[in-house]
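Visitor: First, the structure itself, so that you have it in front of you.
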Amino acid sequence: MNWEVLGAVGRSRLAAISILMPFIGYAILYNDQVMKFLESVGLHSFPAPTRDMISAPDDRSWGKWLEGVLDLSVIARLNFLYVGSFLLGLGTIVFKIIAPSTIQQHSSIEAFFNSELERASARRLRTMVRTIRHRRPQVAANLINAAPWLDREKRTLKIAYAEMREQGDSQIQADVLSSFYNVESRYYRRAGAFSVAAIYVSAFSLISIPGLCFTLQVLLSMLP
């Protein structure tokens, strides 16, 4: 799991709205007036488990029994949506707190490359190489071998600027930018990335349960 994949959700408008969903959902769904309305139409309480829900009676097919089990009440569907939205908002908050700014600000490596190439100064590239060295030493070593001015210990900043202009080739800049983006996406706070992924998977699983149950009901109704 990498941050670039998670960014597709974390940067989305849906994720931004979901941050407010727990507060809005609680204010609406669990409002006293709403509860009274749901009670008046018989939707507030979950149906009590019956023997029919545990074992299929002899006079009913297994398909009909499953249809009954999958028939969620309206309040149950709303609860799944509420909890799923809460987790989606929680995952997005965690994403915005711990995900690298590079991933939060750019949708892909191409977007990052196009944004940064024109302003890739020697100072900025050397800073990126320093970050790369902390997480991927061999990659940083290869970059420095190709352009020694990237190493702060080998060249002063003034000399680095001169050698960069003398080189006149943007390939090394491109290599540094792509390596930096990949390091930020794949090797930055790996435990955090897996945590956010687990929250998102749980969120979408809960949100999809009502739709999945309805789909299964439709399929079962088509059986003889």
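The values are calculated or read from the model by the stated rules, or taken from the named source; none is laboratory data. Keep in mind it's a predicted model, so treat the numbers as computed, not measured. Heads up, the Cβs are rebuilt from the backbone with ideal geometry, glycines too, and the neighbour counts pull from every protein chain shown. SASA here: full protein model, heavy atoms, side chains in, ligands and nucleic acids out. Shrake-Rupley method; radii C 1.70, N 1.55, O 1.52, S 1.80 Å.
Visitor: May I ask for the net charge around Glu110, where only other residues with Cβ less than 12 Å from the Cβ of Glu110 are counted and Lys, Arg are +1 while Asp, Glu are -1?
Guide: -2
Visitor: Here's another thing I want to ask about it. Report, to the nearest whole %, how much of the accessible area of region 106-224 belongs to carbon and sulfur atoms, 1.4 Å probe, protein only.
Guide: The computed percentage sits at 56.
Visitor: So, counting K/R as plus one and D/E as minus one, what does the shell of residues with Cβ under 15 Å around Ile159 add up to?
Guide: After counting each charged neighbour, the total is +3.
Visitor: Additional query: For Ala174 and Thr156 in the same chain, what is the full-extension length gain: residue separation times 0.36 nm, less their Cα-Cα distance, in nm?
Guide: 4.3 nm
Visitor: On full extension of the chain, what length is gained from Ser108 through Ser195, given 0.36 nm per residue of separation minus the C-alpha to C-alpha distance?
Guide: In short, 29.2 nm is gained.
Visitor: Using the Cα atoms of region 150-193, I'd like the radius of gyration and the largest Cα-Cα distance, Dmax, both in angstrom.
Guide: Spelled out, the Cα radius of gyration and Dmax of region 150-193 are 14.2, 42 Å.
Visitor: What shape does region 119-224 take by its C-alpha gyration tensor, where a ≥ b ≥ c are the square roots of the eigenvalues and a/c under 1.5 counts as rounded, a/b above b/c as prolate, and the rest as oblate?
Guide: Prolate, since a/c reaches 1.5 and a/b exceeds b/c.
Visitor: Compute the accessible area per residue over region 107-153, keeping the other protein chains in place, probe 1.4 Å, unit Å².
Guide: 58 Å²
Visitor: Right, next: Can you work out the FRET efficiency for the pair Ala146 and Ser205, with r the C-beta to C-beta distance and R0 = 35 Å, to the nearest 0.05?
Guide: Using R0 = 35 Å, I get an efficiency of 0.15.
Visitor: Could you compute the net charge surrounding Val139? Neighbours are other residues with a C-beta less than 14 Å from the C-beta of Val139; K and R count +1, D and E count -1.
Guide: +2
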